[in-house]
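Undergrad: Structure below; questions to follow.
The values are calculated or read from the model by the stated rules, or taken from the named source; none is laboratory data. Computed from a prediction, not measured in an experiment: that's the story for all the values here. Every residue, glycine as well, gets a Cβ built from its backbone with ideal geometry; the counts of neighbours run over all protein chains shown.
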Amino acid sequence: MAITQPAPRFRPARAGGGWGVRAAALTYLTLLLILPLAIIFQEGLRGGLGSIARVFTQPVAWRALTLSLWTAAAMAVINAVMGTLTAYVLVRFSFPGKSLLNAIVDLPFAIPTLVTGVMLVVLYGPQRALGAWLDQNLGLKIIFAPPGIILALLFITFPFVVRTVQPVLQAL
């Protein structure tokens, strides 16, 4: 009785052992991530650790930090509620306009961030019709104020929340 063995798996030889691709990836990573971070770190420490401590004792630094943390917390809550509800509606219900809603959710993926910023300034700027109307009638400043920051963050991050929650809801 003959014993048969599986045929050996064929592995094509890599040209150059893959070192060219690795070198290109490492060069890319170094030039676009590591080198800029190293320069920022070096410039930040130029005056010593005392200069960093002085920055954090200035009121403007604390206001900026507070604004950043406050808007991030607000966005986390808004995104959690609105993103989950939108994902739930898209997963559980079939309705006219569902494909349009899907396209609107994906729209920020297709628009560059710079274009988004310009769009918000054009729509809600103090010299524009909508921005001036909101300021005069409701006393609401959008651009260059926390509501504008929240609106910009919502526009950019909302699709990530919806598209992350959707598969989880589909699996339930």
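Undergrad: Restricting the search to the stretch 77-93, which residues are free of Cβ contacts under 8 Å to residues at least 24 places away in the same chain and among the β-branched types (Val, Ile, Thr)?
TA: Answer for the stretch 77-93, where residues must be free of Cβ contacts under 8 Å to residues at least 24 places away in the same chain and among the β-branched types (Val, Ile, Thr): 77, 81, 89.
Undergrad: What about residue 102, is it closer than 28 Å to residue 65 by Cα, of a type outside the set (Ser, Thr, Tyr) and in contact with a helix residue (DSSP H, G or I) (Cβ under 8 Å, 6 or more places away or on another chain)?
TA: No.
Undergrad: For the stretch 137-150, which residues satisfy the criterion of being surrounded by fewer than 17 Cβ atoms within 10 Å (Cβ to Cβ) and not small (Gly, Ala, Ser)?
TA: 137, 138, 140, 141, 144, 146, 147
Undergrad: Which members of the stretch 41-75 meet the condition of being in a helix (DSSP H, G or I) and of a type in the set (Ser, Thr, Tyr)?
TA: 51, 66, 68, 71
Undergrad: Okay, moving on. On the basis of being surrounded by 12 or more Cβ atoms within 10 Å (Cβ to Cβ), in a helix (DSSP H, G or I) and not β-branched (Val, Ile, Thr), does residue 123 make the cut?
TA: yes
Undergrad: Going by the structure shown, is residue 34 part of a helix (DSSP H, G or I) and touching a residue at least 24 places away in the same chain (Cβ under 8 Å)?
TA: Judged against the criteria, residue 34 is not a match.
Undergrad: Let me ask something else. So residue 102 clears everything in (1) over 20 Å from residue 82 (Cβ atoms); (2) surrounded by fewer than 17 Cβ atoms within 10 Å (Cβ to Cβ) except one condition, right? Which one?
TA: Just one mismatch for residue 102, condition (1).
Undergrad: Out of 96, 36, 108, I need the residue that is of a type outside the set (Phe, Trp, Tyr), at pLDDT below 95 and within 30 Å of residue 170 (Cβ to Cβ). Which one?
TA: Exactly one residue qualifies, and that residue is 108.
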